[in-house]
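None of the figures in this text is laboratory data; all of them are computed from the coordinates on show. Note that the structure is predicted; figures quoted are calculated from it, not measured. Note that we place each Cβ from the backbone using ideal geometry, even for glycine, and neighbour counts take in every protein chain shown.
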Amino acid sequence: MTSDIVIEAIREDHVEGFREALDMVARERKYLVFTEAPPVEAMLSFVRDNIAAGHPHMVAVADGKVVGWCDIRRGARAAQAHCGVLGMGIIPGYRDRGLGRKLMLATIEAAKATGMHRVELHAHADNFRAIALYEKVGFAHEGLARDAIRIDGRYIDSVLMAMILT
């Protein structure tokens, strides 16, 4: 059940919890390009930049603990400022409850509110559960980058998916 989980815009006081959640998912070594979270100072800088720049960044909080996140970073160059790249994760124990969908929809709504036109993401090609979620939310397949990721000597293809916000 996700009724006891609050989805809210990230704040600086979420940084340590966000880092812990990202680290937990990264150390699984099968969903993210991270294999461990960056130092807390780098995470604080990332969050501060997201807040200052108005990049949509939501967290899911259960009993005061960050259990998931979703962010969309707008392109830095003027010609790509209408586009954003989505990143997300849910810690074990909170998956398969509809939380990923709720987080994505809240973050996509925030992206629409900022005038963003396109959101894209990259998924490990063997992450079938995530790809199915992205398809259900409305992302379309746009391409495949062969052997784009290498973790523990294993090459993984990366699927490019995108959504046009209307």
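A convex hull fitted to the Cα coordinates of segment 1-50 yields 95 cubic angstrom per residue. Set against the 2.2 N^0.38 Å expectation for a compact globular protein, segment 107-155 has a Cα radius of gyration ratio of 1.40. Applying the Kirkwood pairwise sum to the alpha-carbon positions of segment 57-100 produces a hydrodynamic radius of 11.8 angstrom.
Summing Lys and Arg as +1 and Asp and Glu as -1 over all other residues whose Cβ lies under 13 Å from the Cβ of TYR134 gives a net charge of 0.
Summary value for segment 1-93: 29 percent relative contact order, contacts being C-alpha pairs under 8 angstrom separated by 6+ residues. Note on segment 1-50: dipole from Cβ charges, positive end direction compared against ILE5, MET43, VAL25; the farthest Cα belongs to VAL25. Using equal-weight Cα scatterers in the Debye expression, the normalised intensity of the chain in log10 at q = 0.11, 0.13, 0.14, 0.16 Å⁻¹ is -0.42, -0.61, -0.71, -0.96. Across the alpha-carbon atoms of segment 72-131, the computed radius of gyration and Dmax are 13.0, 40 angstrom.
Summarising the label geometry, the points placed 7 Å from Cα in the beta-carbon direction at THR35 and ALA145 lie 1.8 nm from one another.
Placing dummy labels 7 Å off each Cα toward the beta-carbon, the span from ALA81 to ARG95 is 3.8 nm.
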